[in-house]
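Values quoted throughout were computed directly from the atomic coordinates according to the rules given, and no laboratory measurement underlies them. Keep in mind that this is a model prediction, so the values were computed, not measured. Cβ placement follows ideal geometry from the backbone for every residue including glycine, while neighbour counts extend to all protein chains displayed.
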Amino acid sequence: MAPPPSQSCRRRLQLMAAFVFVSGLLLIQPAGAAEYVVGDGSTPNGWDTGTNYASWAQTHSFAAGDVLVFEYVKSQHNVYEVTEAAYRSCDVSGAGDVLATYGTGYDKVRLAEARAYWFICQIPGHCMGGMKLAVNVSAGPPGGGVPASPSLPSAPSSSAPGGCRSLVAWGALVVLIASFGQLCWAS
Ligand SMILES: [Cu+2]
């Protein structure tokens, strides 16, 4: 015997509600800026002398507004943002070579602009040993306050801003569940 229509409808609505809830969780995720732990903490601390940061950087794509988190033993390492020349030579003795310095052992560095960033550890020998990181930051979605640079490729996929995209998706879900509800009350 088939259950009365109202009961199967309620079951369908419950499924829809669950679906909407899960979709909502998924939609919230890409809106904000991403945080990347440098080296992914593959070693006790992500920022150290035993990691290939060229490989690490290649497996990630960075957008303006994203944040790099440097985790390391404070007494053993530090983080210097430097020029490309200083990054290549590991020599920061020149005027203007150092753009910023960090040394807390847990440094959050915001990649505010769509450009290349270069970081090294300034403890003698560490940069030469490979403790250096170069990242290319692409233009992020509007809202980060960063104008898109014409010399850099803009963000792929949709041209709609993230916030607008999720708004449209939310609207579609609301319409979907409303029409389901109508079907139920009609039957
Ligand atoms: Cu170091």
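List of remarks:
- With a cut-off of 15 Å between beta carbons, the residues surrounding residue 78 carry a summed charge of -2, where Lys and Arg count +1 and Asp and Glu -1.
- For residue 46, the residues whose modelled amide H falls within less than 5 Å of its own, excluding neighbours fewer than 5 places apart on the same chain, are 41, 71.
- Computed lengthening from residue 55 to residue 112, 0.36 nm per intervening residue step minus Cα-Cα distance: 18.3 nm
- Full-extension gain in nm, residue 91 to residue 134, via 0.36 nm per residue minus C-alpha separation: 13.9 nm
- Relative contact order (%) - region 33-138, alpha-carbon pairs under 8 angstrom, separation at least six: 33 percent
- Among beta bridges identified by DSSP and lying wholly in region 33-138, the antiparallel ones come to about 75 percent.
- Residue 11/residue 123 FRET efficiency (R0 45 Å; Cβ-Cβ; nearest 0.05): 0.10
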